[in-house]
Amino acid sequence: MKIGIGSDHGGFELKEYIKEFLEKEGIEYMDYGTNSSESVDYPDYGRKLSEAVIAGEVDKGIAICGTGIGISIACNKVKGIRCALCGDTYSARMSVEHNNANIIALGGRVIGKDLAIEIVSTWLKSQFLGGRHERRVNKISDIESNL
Ligand code: RB5
């Protein structure tokens, strides 16, 4: 599995920390920026990451900004993306089991680093349950198709 990771300046520090975790775990990743704490616009990074997921360059994505809100909204504008902003491990698991989230968003200024690692680790281990959840996720895709 190959993970894409992207952030704005508000998520930069947490992005670097999560990269260290991915390296330790031997999980391959692609970094879509940003590359410093200099102020940038989160939609640019949410978009890059989301387009990489849709193109199949990476299997899943981790998106980070200060709150996780802006970048998650941006990611969810890309057709086929289901980005879930998570601040706890239960939501992280459910976002995959029920919603088949292909991007997780985190708030770099909201959650601590260790909690972020637990959230990411839970999210990576979780599997979509399908069944009635598939029907519901398909209904989300129907909304997109009719835009
Ligand atoms: C940047 O200051 C901040 O607005 C951004 O990181 C994010 O929190 C937006 O939702």
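Here's a check for you: in the stretch 95-109, which residue that is in contact with a strand residue (DSSP E or B) (Cβ under 8 Å, 6 or more places away or on another chain) and in a loop (DSSP other than H, G, I, E, B) is farthest from Gly66 (Cα to Cα)? So that I can check it myself, show each step before the final result.
We begin by selecting, within the stretch 95-109, every residue in contact with a strand residue (DSSP E or B) (Cβ under 8 Å, 6 or more places away or on another chain); these are 95, 99, 101-108.
Applying the additional criterion that residues be in a loop (DSSP other than H, G, I, E, B) yields 99, 101-102, 108.
Working: Asn99: 24, Ala101: 20, Asn102: 20, Gly108: 5 Å.
Top of the filtered list is Asn99.
Restricting attention to the stretch 1-59 and to residues that are among the basic types (Lys, Arg) and assigned to a helix (DSSP H, G or I), the residue that is farthest from the ligand (Cβ to nearest atom) turns out to be Lys24.
Table: residues versus (1) under 21 Å from Asp8 (Cα atoms); (2) of a type outside the set (A, V, I, L, M); (3) in contact with a strand residue (DSSP E or B) (Cβ under 9 Å, 6 or more places away or on another chain); (4) not in a helix (DSSP H, G or I).
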| residue | (1), (2), (3), (4) |
| --- | --- |
| Thr67 | yes, yes, yes, yes |
| Ile119 | yes, no, yes, no |
| Ser141 | no, yes, no, no |
| Glu144 | no, yes, no, no |
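Annotation note: of Ala84, Ala74, Ala92, the sole residue that is in a helix (DSSP H, G or I), in contact with a Ser or Thr (Cβ under 9 Å, 6 or more places away or on another chain), aliphatic (A, V, I, L, M) and within 16 Å of the ligand (Cβ to nearest atom) is Ala74.
Taken over the stretch 78-114, residues that are without any contact (Cβ under 8 Å) to a residue 12 or more places away in the chain and closer than 21 Å to Gly10 by Cα amount to 2.
Could you please let me know if Gly130 is free of Cβ contacts under 8 Å to residues at least 24 places away in the same chain, surrounded by 10 or more Cβ atoms within 10 Å (Cβ to Cβ) and not aromatic (Phe, Trp, Tyr)?
Details: free of Cβ contacts under 8 Å to residues at least 24 places away in the same chain: yes; surrounded by 10 or more Cβ atoms within 10 Å (Cβ to Cβ): yes; not aromatic (Phe, Trp, Tyr): yes.
It is true that Gly130 is free of Cβ contacts under 8 Å to residues at least 24 places away in the same chain, surrounded by 10 or more Cβ atoms within 10 Å (Cβ to Cβ) and not aromatic (Phe, Trp, Tyr).
Residue count for the stretch 1-60 satisfying the condition of being without any contact (Cβ under 8 Å) to a residue 12 or more places away in the chain and hydrophobic (A, V, I, L, M, F, W, C): 1.
Laboratory data are not the source of any read-out in this text; all were calculated from the coordinates shown. The model shown is predicted, which means the values in this text are computed figures rather than measured ones. Backbone-built Cβ (ideal geometry, glycine too); neighbour counts: all protein chains shown.
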